[in-house]
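The values are calculated or read from the model by the stated rules, or taken from the named source; none is laboratory data. Because the structure is a prediction, the values reported are computed rather than measured. Note that each Cβ is placed from the backbone with ideal geometry, even for glycine, and that neighbours are counted across all protein chains shown.
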Amino acid sequence: MAKQDRHSDQGRVFTCQRCSQCCHGQGGIYYEPQDLPAASASLGLAVQEFIARFCAPEGSRYSVLTTADGKCRLLGPDGCLVHEAKPEICRRWPFFDNILERASAFEEAKLACPGIDPDCSHAEFRAYWQREINKESDPS
Ligand code: SF4
Ligand code: SF4
């Protein structure tokens with residue numbers, strides 16, 4: 001079975017359904033300054049134009065704007081407009097530290113993300129992350 005079709009741990013763990021549920025909500029998505037050139041280039045824009053259209057400076061980072069109905073401004077009709085250069089937080093989801101550390105947070109993540117197999121255990125999820133995504137450190 002192709003890896004992109006099924007991130008599998010004995011047939012269970014995570015397969016992104018491309019539902020875009022994780023691209024809805026107000027705030028919480030940020031670019032670090034060093035990631036802006038790649039994001040801008042992926043849309044053929046200058047950095048300042050990209051910031052003007054999609055971001056709001058917030059401290060040392062750039063918050064990605066949302067629409068009035070709570071969609072990320074970088075969400076297009078066919079998914080993320082900057083898929084190859086999306087913010088780190090988007091690249092990491094659903095493998096966040098608190099989800100890896102706490103079983104209760106993992107159960108909440110299952111409700112928010114249909115890509116996580118509902119039958120997958122927290123231990124399986126952690127083992128998959130350790131083996132496939134972060135082979136060098138453990139969150140605990
Ligand atoms: S940057 Fe892309 S992946 Fe991240 S929330 Fe926006 S549309 Fe979704
Ligand atoms: S909520 Fe989960 S399944 Fe849906 S697009 Fe986001 S990561 Fe993929």
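Quick grid of which residues meet (1) of a type outside the set (Asp, Glu); (2) free of Cβ contacts under 8 Å to residues at least 12 places away in the same chain; (3) over 20 Å from residue 19 (Cα atoms):
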site	(1), (2), (3)
36	yes, no, yes
40	yes, yes, yes
45	yes, yes, yes
85	yes, no, no
89	yes, no, no
111	yes, yes, no
121	yes, yes, yes
133	yes, no, yes
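Listed here are the residues, each with its yes/no results for (1) in contact with a Pro (Cβ under 8 Å, 6 or more places away or on another chain); (2) under 28 Å from residue 13 (Cβ atoms).
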{"position": "35", "(1), (2)": "yes, yes"}
{"position": "46", "(1), (2)": "no, no"}
{"position": "49", "(1), (2)": "no, no"}
{"position": "80", "(1), (2)": "no, yes"}
{"position": "83", "(1), (2)": "no, yes"}
{"position": "86", "(1), (2)": "no, yes"}
{"position": "119", "(1), (2)": "no, yes"}
{"position": "124", "(1), (2)": "no, yes"}
{"position": "128", "(1), (2)": "no, yes"}
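From the list 108, 58, 88, 49, pick out the single residue that is within 20 Å of residue 33 (Cβ to Cβ) and under 16 Å from the mean Cα position of the chain (by Cα).
It is 88.
Applying the selection to the range 49-70, what residues are crowded, with 18+ Cβ neighbours inside 10 Å and β-branched (Val, Ile, Thr)?
51, 64, 66
So for the range 28-35 (the condition being small (Gly, Ala, Ser), in contact with a strand residue (DSSP E or B) (Cβ under 9 Å, 6 or more places away or on another chain) and not assigned by TED's automatic domain parsing to the domain that holds residue 131), does at least one residue qualify?
Yes: the range 28-35 contains one or more residues that are small (Gly, Ala, Ser), in contact with a strand residue (DSSP E or B) (Cβ under 9 Å, 6 or more places away or on another chain) and not assigned by TED's automatic domain parsing to the domain that holds residue 131.
Yes/no per residue for (1) under 17 Å from the mean Cα position of the chain (by Cα); (2) among the hydrophobic types (A, V, I, L, M, F, W, C); (3) farther than 22 Å from residue 113 by Cβ:
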{"residue": "25", "(1), (2), (3)": "yes, no, no"}
{"residue": "29", "(1), (2), (3)": "yes, yes, no"}
{"residue": "32", "(1), (2), (3)": "yes, no, yes"}
{"residue": "38", "(1), (2), (3)": "yes, yes, yes"}
{"residue": "64", "(1), (2), (3)": "yes, yes, no"}
{"residue": "67", "(1), (2), (3)": "no, no, no"}
{"residue": "75", "(1), (2), (3)": "yes, yes, no"}
{"residue": "84", "(1), (2), (3)": "yes, no, no"}
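Does the range 58-72 include one or more residues that are among the aliphatic types (A, V, I, L, M) and more than 15 Å from residue 26 (Cβ to Cβ)?
So far as the range 58-72 goes, no, none of its residues is among the aliphatic types (A, V, I, L, M) and more than 15 Å from residue 26 (Cβ to Cβ).
Right, residue 73: under 21 Å from residue 34 (Cα atoms), in contact with a Lys or Arg (Cβ under 8 Å, 6 or more places away or on another chain) and surrounded by fewer than 19 Cβ atoms within 10 Å (Cβ to Cβ) or not?
On the way: under 21 Å from residue 34 (Cα atoms): yes; in contact with a Lys or Arg (Cβ under 8 Å, 6 or more places away or on another chain): yes; surrounded by fewer than 19 Cβ atoms within 10 Å (Cβ to Cβ): yes.
Spelling it out, residue 73 is indeed under 21 Å from residue 34 (Cα atoms), in contact with a Lys or Arg (Cβ under 8 Å, 6 or more places away or on another chain) and surrounded by fewer than 19 Cβ atoms within 10 Å (Cβ to Cβ).
Does residue 100 qualify as being at pLDDT 95 or above and crowded, with 19+ Cβ neighbours inside 10 Å?
For residue 100, the condition - at pLDDT 95 or above and crowded, with 19+ Cβ neighbours inside 10 Å - is met.
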